[in-house]
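The values are calculated or read from the model by the stated rules, or taken from the named source; none is laboratory data. Just so you know, these numbers come straight off a predicted model, no measurement behind them. For neighbour counting, all protein chains shown are included, and Cβ atoms are generated from backbone atoms with ideal geometry for every residue, glycine included. Surface accessibility is based on the protein's heavy atoms, side chains included, excluding ligands, DNA and RNA. Shrake-Rupley method; radii C 1.70, N 1.55, O 1.52, S 1.80 Å.
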Amino acid sequence: MARVEVQNVSLTFGVHKAVDDVSIAFEDGGFYALLGPSGSGKTTLLRMIAGFEFPDTGSIRIDGEAVENVPVNKRRIGMVFQNYALFPNMSVADNVAFGLEVRGEKGETLRREVADALDLVQLGALAKRRPHQLSGGQRQRVALARAIVTKPRVLLLDEPLSALDKALRTDMQVELKRIQREVGVTTIFVTHDQEEALSISDRIGILKDGRIVQEGAPEEIYDRPASEFAATFLGEANILSGTAENGRLRLDNGLAIDLPPEGGTVAGDFRCAIRPERVHLSALPDAATAGGQLQGVVKRRSFSGSLSTYVVDCGGKEIKSVVQRGGGTAIEIGRPVELRWNRDDLVMLPAA
Amino acid sequence: MTGKRRDSGLVKAMPLLLPAYAWLTLAIFLPLSAMVYFSLLTSMSPSGQSATLTLGNYATFFSDPLYATLLVRSLELGLIVTLVCVLIGFPAAYVLAKIFKGRAREAIFLLVILPFWSNSLVRVFSWSMVLREGGILDTALNAILPFKVTFDLMYSYPAVIIGLVHSYLPYMVLTCYLSLQAIDDALIEAARSLGASRFTTLRRVIAPLALPGVLAGSALIFIPVVGSFMEPRILGGHGGTLYGTVIEDQFTAVYNWPLGAALSFILLAVVLVILLVSAPVLRKAA
Ligand SMILES: Nc1ncnc2c1ncn2[C@@H]1O[C@H](COP(=O)(O)OP(=O)(O)OP(=O)(O)O)[C@@H](O)[C@H]1O
Ligand SMILES: [Mg+2]
């Protein structure tokens, strides 16, 4: 268990900067998600922490020890691969025992530690099977047991659940979280599934083009995204762009909204974001009795179980609203509506 | 129900299988049966004297210990050549499959199978030019080294081994390459992340998974080397008398085809027994 510190790390493949001056600290025992679109450098960053790639510049410290030049087998890390990478020539128990045997453990201690690790992932009964006789979820558990049985200083997972179907993936997320809590190992989890990142991790780092664009607790990033990219990549957001003056934002289509209190001093081109679930809708008898921040007409709607999503046309600008489906009747398409939100829910974004 | 489906599958596959089986029957079964027949004849002279059936040719093998001695020598040679091929071929295949990427891999791959491009007889004679005293190797060594060395490997056991290894090495490289390439790089990385050194990874993960390729290559090399006659004859000189050259003599020099055929079948039987005995052992190891 250890703190991992990445400082000003860059790595270039040919002319392409895969990781560009990244600095991020992973606190001891934390569960971190690295989130970003495809090609943003998540895997490359993870592989540098593991020791499969070596940074061109910058430093990586595990538990205070500089490891940039330490080969992977000396770093005492655990890694779980996307395709499990179980040794097909060994049984489940032998797979788990491998890392311990390499360290010279044998006999009763070895046997007990393997059994404990398999119990932890609830696979004690399948110890004698070969990997090809297991289901995808079971293989993933073996891979996890194999990675943590050696008590690594840091556990690295590269999209470990992406090969599983949706239902199994949710189960495994819960399971992974439980095991991580139990073992207490610092965990870095790469994913491009934002829901997964939100539900599983203590902290999230968002990558784009090899750079960390924002890092923080899931709620913090979700509620206070620091950029339009962060706002739209993590969850959905309505982006309102226009010109700010006297505490109001004049949208590109001519309508105006109030800025949050701290927006009183800004002027010029400006952008705000608001989450769809923070936009409240109410139907109006007709367009004349308008109130709220904006008015519009329902253009589309869709249902997903307990939620309804409305797309409202406000003078050409489409705004999305997600509402809990209560007892009331749904608002029909074509109905005039007013949109209201709490001014504090409006997130001001830095100029692009 | 599954049995029925399998049957109909077989029936459908028949038109595809037929040419292959027809060819195998013609190319292997017919000459082989002719040879079985020859091996049972008392004599086969061109003058057409009547010959009778006998097991005498097989008895000859057991009556003269020379044959058994030569057979053992040939098996030994097969073992040595196979071993040398594994020692050279496996690392070469490993570098090719796991270290080189893209164009470099293609280029080196072509170099590896270069021996296949030349006629085997040409290959063997070029070795004789390299290995003999005053030959290319001798001259080159003397040009580099400050002191005088006489270097004459020609007509020796090592020369035979060199020639055979050169001829058969590509089989080992190819079979090892195929099985190494099939090993997912993530497995190697997983082993390394668990603390295994490069050597431990090779021993515990790569070698067991590549074993089928090594075995296939070994079989492809061992069998023809045990019966080889050209390399031993040209490069081995007096020391090059082996089981294979004796068989060849029966066909081309002494014209005792029945004895040659009988000796061949004894070799075939011995090789088959070796393969059968080693198969379960190796399967357990894999
Ligand atoms: N070995 C390599 N050689 C050359 N370029 C590479 C190599 N590995 C990665 N890259 C490049 O570096 C960039 C980052 O790749 P990386 O695999 O880290 O992305 P990622 O965020 O993990 O994406 P994904 O979500 O698709 O897995 C990509 O543009 C990729 O093409
Ligand atoms: Mg990746």
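Observations on the model:
- A Förster radius of 51 Å combined with the Cβ-Cβ distance from B:Thr139 to B:Ala269 puts the calculated FRET efficiency at roughly 0.65.
- Taking every protein chain into account, the 1.4 Å probe leaves B:Thr60 with about 40 Å² of accessible area, to the nearest ten.
- Placing a label point 7 Å from the Cα of B:Thr52 along the Cα-to-Cβ direction, the residues of the range B:11-40 whose backbone N falls under 18 Å of that point are B:38-40.
- Choice from A:Pro160, A:Pro55, A:Pro261 showing the highest fluctuation, given a GNM over chain A with Cα pairs closer than 10 Å: A:Pro261
- Per DSSP, loop GluC sites (Glu not before Pro) in the range B:106-206 with at most 13 further Cβ within 10 Å: B:Glu133
- Buried on assembly, the range A:77-95 (at least 20 Å² less accessible surface than by itself, 1.4 Å probe): A:Ile77, A:Phe81, A:Asn83, A:Ala85, A:Phe87, A:Pro88, A:Asn89, A:Met90
- Within the accessible area of the protein assembly as shown, the carbon and sulfur atoms contribute 61%, probe 1.4 Å, all protein chains present.
- Note on B:Leu66/B:Tyr255: beta-carbon distance plugged into 1/(1 + (r/R0)^6) with R0 of 22 Å gives a FRET efficiency of 0.70.
- Extent along principal axes [Cα atoms of the protein assembly as shown; Å; largest to smallest]: 125, 73, 53
- Centre-to-centre separation between the Cα atoms of the range A:222-253 and those of the range A:102-135: 51 Å.
- Efficiency of FRET between B:Leu16 and A:Asp345 - r from beta-carbon atoms, R0 56 angstrom, step 0.05: 0.25
- Estimated translational diffusion coefficient (Stokes-Einstein, Kirkwood radius over Cα pairs, 25 °C, 0.890 mPa s) of the range A:198-287: 165 µm² per second.
- Helical mean residue ellipticity (222 nm; -39500 (n - 2.57) per DSSP H run of 4+; nearest 500) of the protein assembly as shown: -14500 deg cm²/dmol
- Global geometry of the range B:60-285, whether rounded, prolate or oblate, following the gyration tensor of its Cα atoms and the 1.5 cut on a/c: oblate
- Most fluctuating residue given options A:Gly78, A:Gly205, A:Gly58, as computed from a GNM of chain A linking Cα atoms under 10 Å: A:Gly58
- Label-point separation in nm, A:Arg112 to B:Ser118, each point 7 Å along Cα→Cβ: 6.5 nm
- Using a simple spin-label model with pseudo-atoms 7 Å out from Cα toward Cβ, A:Lys151 and B:Val95 lie 4.2 nm apart.
- Long pairs among A:Lys208/A:Lys320; A:Lys128/A:Lys151; A:Lys128/B:Lys12; A:Lys17/A:Lys74, criterion Cα-Cα beyond 32 Å: A:Lys128/B:Lys12
- Listed residue (A:Ala231, A:Thr57, B:Ala143) projecting farthest to the positive dipole end of the protein assembly as shown, Cβ model: B:Ala143
- Separation of the B:Asp184 and A:Arg248 label points, Cα + 7 Å toward Cβ, nm: 6.1 nm
- Our compactness index for the range A:4-229, the C-alpha radius of gyration over the empirical 2.2 N^0.38 Å, is 1.01.
- Relative contact order (%) - chain A, alpha-carbon pairs under 8 angstrom, separation at least six: 16 percent
- Extension gain, B:Phe29 back to B:Lys284 (0.36 nm per residue minus Cα-Cα distance, nm): 88.6 nm
- Eligible lysines near A:Lys166 by straight Cα distance, threshold 18 Å, same-chain separation 8 or greater: A:Lys177
- Residue-normalised accessible area of the protein assembly as shown, expressed per residue, 1.4 Å probe, Å²: 50 Å²
- Calculated SAXS-style log₁₀ I(q)/I(0) at q = 0.12, 0.15, 0.16, 0.18 Å⁻¹ - the range A:39-152, Debye, Cα scatterers: -0.48, -0.71, -0.78, -0.92
- Count Lys and Arg as plus one, Asp and Glu as minus one, and take only other residues whose Cβ is under 12 Å from that of B:Met230; the net charge is then 0.
- The mean of 1/r over all pairs of different alpha-carbon atoms in the range A:238-349, once inverted, gives a Kirkwood hydrodynamic radius of 14.4 Å.
- Pairs of Cα atoms nearer than 8 Å and 6+ residues apart set the relative contact order; for the range B:60-285 it is 27 percent.
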